[in-house]
1. Just to confirm my numbers, what's the Cα centroid distance between segment 219-248 and segment 1-18 in Å?
2. Give the peptides 326-338, 7-19 in descending order of average Cβ contacts within 10 Å, highest first.
3. Work out the charge dipole of the chain with +1 on the Cβ of Lys and Arg and -1 on the Cβ of Asp and Glu about the Cα centre, then indicate which of 27, 518, 235 is farthest towards its positive end.
4. Work out the charge dipole of the chain with +1 on the Cβ of Lys and Arg and -1 on the Cβ of Asp and Glu about the Cα centre, then indicate which of 502, 143, 77 is farthest towards its positive end.
5. Hey, rough spin-label estimate for residue 532 and residue 318, points 7 angstrom out along Cα→Cβ, what's it come to in nanometres?
6. How high is the relative contact order of segment 10-125, in percent, counting Cα pairs under 8 Å that sit 6 or more residues apart?
7. Rounded to the nearest 5, what % of DSSP beta bridges with both residues in the chain are antiparallel?
8. Once label points are set 7 Å from the Cα along Cα→Cβ at both residue 13 and residue 286, what is their separation, rounded to one decimal in nm?
Amino acid sequence: MHDLIPAPRLVQEGEGEDFVLDGRTALRAGDGTEEVARQLRRELPALPLLPPDGNERNEIVLALDPALGEEAYRLTVGAGRIGITGGSAAGTYWGVQTLRQLLPPALLRRAGASETRVRPVRVEDEPRFSWRGFMLDVSRHFTPKDGVLRTLDLLAAHKLNVFHFHLTDDQGWRIEIRRHPRLTTVGATRPRSRVGHRDGEMWDEQPHGGFYTQDDIREIVAYAADRHITVVPEIDIPGHSQAAIAAYPFLGNADVIDTESLTPWTEWGVNPNVLAPTDAVLRFYEDVLEEVLELFPSPYVHVGGDECPTGQWSASATARERVAKEGLAGPGDLQAWFNRHFGRWLAARGRRLAGWDEILESRDPRESPSGEPTGDREIPEGALICSWRGYSGGVAAAEAGHDVVMCPEQQVYLNFRQAEGEDEPAPVGYVRTLRDVYRFEPLPPRLAGTPAARHVVGTQANMWTECADTRQRLDYQVFPRLSAFAEVAWSALAAPDERDFADFERRMADAHYARLDALGVNYRPPSGPSPWQRRPGVPGRPLEGPPPIV
């Protein structure tokens, strides 16, 4: 029985002799699969794969078949041949990832066995969703470049194909912008950090910082492309911007607060310091995005657009002048004004704006105590909505004809705690167990079977790093739940209650935990945290009861 994760659509056991993979194995790459072949050589370094010798025995053959879906593949293992055929190079590459799981976990190590056997089998497979994503916040706690490359390897091993790179926030600016160097010389380092959740009183007085040079970014993007992963950058506008304002005080609402005194934020939570709605700010962020577009070929650029308090705009004469000039209903509509500007700006350059589900709204709580939308709700044409506050934003967006990525915090925020009890380190949010993630359904029932369902282009798991200050902590929060999420994104067609979680647990226990061990992942054991994974005394903020799904 094969222990593949994510589970393929079809697995048929074959008959006959095993395929022997050893130093005599030849690799033949058909047209269009040459880069996949080079990647296979890198991913199986202990196996010296040689050019074909013409005998057509003991060989791995890579090929394309345009009759298959773009990311679909067909894998066949026989006595003398392994064939992997994809609808595109991406499909062939996902077939290679399945082949790696057919091999012993020891071969995932950098120094593995020199010979192994593969049982005859036929696998036919293709993904459910085109967007199978993982978001990593590197602003709250910085992940060095080698950690990002490792993350990409782990995503590829799970057939996840989008890396949402959260590069800027109040607590740190993480990407070099050559026209505005203070974004990293000032904005990339905060003087100290709160330990644990924002409600606690523990501090780490060590300054925290780090950023990626543009050469680092090019390397990350190229490394991802080799693994058929799209890197989607996020540059927060107009909220979550204190690190940028600390570097360039004119970006903030200087007629309301002393922007010259700001540093990158040392707290966690929602920050009141937002961008000023001026022409100078628009030009500044156009400069930033011009360099971002040069580095990232992704069709999407994420601009955040979430958690943007309007208090400073309400108090700012400059902001009120902008409201009057643009004919807006109130300061709450300035967030939508920013979104429309940069949506048009990106569209003129052949890109699409992505944002959190707040970009669907235009609210001014000061003028509308009920919270009802005020003014123009128009969002940029072609915008992609990442629905994080439950299902409702995604449902509204899809029914209005906008593409949606479902990533509700109640289901797939991996920074949330994994169990009840005091042993769970820095417990934040609701309990989201491995079973809970496995039973997550990205397509809301209201959309199922309707024309709007096609606008749900995929799903994404998000990892915020306020309480994850090391690679060990990050691994603990992400795995093994990301393995369950990968199966949801790739292959889960059954209703949540009909999915065979017991079989998933068996596959994890029989093989996949060993694969994670071989890859050096410090995952949460099924029995609970190991002693060194606990954080006694570090404050969290556990929420009780079942999470609301809206």
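Every number in this text was worked out from the coordinates using simple rules, so none of it is lab data. What you see is a predicted model, and the numbers here were worked out from it, not measured in a lab. When we count neighbours, we look across all protein chains shown, and the Cβ atoms used for this are built from the backbone with ideal geometry, even at glycine.
1. First find each Cα centre; the distance between them is then 39 Å.
2. On the way: 326-338: 21.8, 7-19: 14.2.
Final packing ranking: 326-338, 7-19.
3. About the Cα centre, the residue reaching furthest to the positive side is 27.
4. Result: 77, furthest along the dipole toward the positive end.
5. Going by the 7 Å Cα→Cβ label model, 5.0 nm.
6. Details: 276 pairs, mean separation 41.7, N = 116.
That works out to 36 percent.
7. Numbers: 25 of 71 bridges.
Taking every DSSP beta bridge with both residues in the chain, the antiparallel ones total about 35 percent.
8. 6.5
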